[in-house]
Amino acid sequence: MSQADRISEFRSCEVLMLKSGGAFSECMLLTKNLEVLSGYTSRIGELLESLGDGKRGRKEEKQGEEDKVLPSMSPTAKELKEGVPPPNCIEFKGVTVGAPEPSGKTRVLIRELDLRVSPGLNVLVTGPNGAGKTSIFRVLAGLWQPLAGSTSRPVDPIMWLPQDPYLVTGTLRDQVTYPMLLRNPSEEVDARVRNALLEAGLKKILDRSTVGLDQVCKEWRNELSGGERQRMAFARLFFHNPKFAVLDEATSAINAEGELSLYSKLLKTQCTIFSIAHRTALRKFHKLELEFAGDGSGGYTFYKLDANGSGVTRVKVDSSKLDMEDAE
């Protein structure tokens, strides 16, 4: 074999080895993607199962006595009729929350949480990553079932602001009015939408097109930065003005100055907020802090927060002696 032939064979082997390495990497990535797909499939299955249970529950209610049939539009109608929770509040009674492990076991995140949130009691939820801060709100929303205990929600809808807000396909107006879809909005509604955008600090987005609220983007998610997407969620909050809202790291992509400005404006509304956050500067906008231990014990601690000129006074309180009514 000549030297030229040997070089040719060497190069052929080199190409084959590189392709083999690339194929092996693709297999590794495919395994990871399949694991992610499996997780998504499991979650969707649980959601569909929960929806099915809800439909069966409503069907069973309809088959009962007429005076026992409750309005389906109210998620807490049954509890309210029985007089269990006080009206218009969020309540956790002995709630224990766990997360499934790959081994099949359940890891306890929160154990026997007792908390009642009346209107005006803004609560800040803190703790290390994986402590169960978001999980407790999944239970409140009905996406997860608690291992023990029960939750009660107010008749009025709760608005949820996640860390990565969902943006719909449509106009700028649709981003603010979501989940409402307005075909022929009035001038009054458009004025409210514009005001919400201005309150959220999105004047630049509003003014960048001559058509204003009618401007359309195929993918608003790609058009807006992370901070602008979170501000859009606040615009929705200002527009709908709910009585209760859950903010799950809703300002993590916004600078500290913008974050303080949004919370200051939010306090001027009648909305009671549940915030999950790591920035301690947000304590001054809340009256109570719920700190999860995150050490596997499921423990938690309550602190009363009192904002003053020099900062925020943080006082540990016993949950059994916690007076929730002083928020009103």
Exactly one of (1) under 29 Å from the mean Cα position of the chain (by Cα); (2) exposed (fewer than 10 other Cβ atoms within 10 Å of the Cβ) is unmet by Ala4. Its number? (1)
Among (1) β-branched (Val, Ile, Thr); (2) in contact (Cβ under 8 Å) with a residue 24 or more places away in the chain; (3) surrounded by 14 or more Cβ atoms within 10 Å (Cβ to Cβ), where does Val216 come up short? (3)
Selection over the range 83-106 where residues are surrounded by 10 or more Cβ atoms within 10 Å (Cβ to Cβ), over 18 Å from Gly130 (Cα atoms) and either at pLDDT below 90 or of a type in the set (A, V, I, L, M, F, W, C) (or both) yields a count of 8
Go through (1) crowded, with 18+ Cβ neighbours inside 10 Å; (2) under 22 Å from Lys287 (Cα atoms) for Leu109 and report which single condition fails. (2)
Can you name the strands (runs of 3 or more DSSP E) wholly within the range 236-328 that have at least 3 residues being touching a residue at least 24 places away in the same chain (Cβ under 8 Å) and either of a type in the set (A, V, I, L, M) or more than 26 Å from Arg192 (Cβ to Cβ) (or both)? 244-248, 288-292, 300-308, 311-317
Filter the range 130-169 for residues that are buried (at least 17 other Cβ atoms within 10 Å of the Cβ), of a type in the set (Phe, Trp, Tyr) and either closer than 27 Å to Glu228 by Cα or at pLDDT 90 or above (or both) and give the result. Phe137, Trp160
For Pro71, state whether it is over 19 Å from the mean Cα position of the chain (by Cα), under 25 Å from Ile273 (Cα atoms), part of a loop (DSSP other than H, G, I, E, B) and at pLDDT below 85. no
Looking only at the range 88-138, count every residue that is of a type in the set (S, T, N, Q), touching a residue at least 40 places away in the same chain (Cβ under 8 Å) and either in a helix (DSSP H, G or I) or over 18 Å from Thr272 (Cα atoms) (or both) and tell me the total. 4
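The values are calculated or read from the model by the stated rules, or taken from the named source; none is laboratory data. Note that the structure is predicted; figures quoted are calculated from it, not measured. Cβ sites come from the backbone with ideal geometry, for glycine too, and all protein chains shown count toward neighbours.
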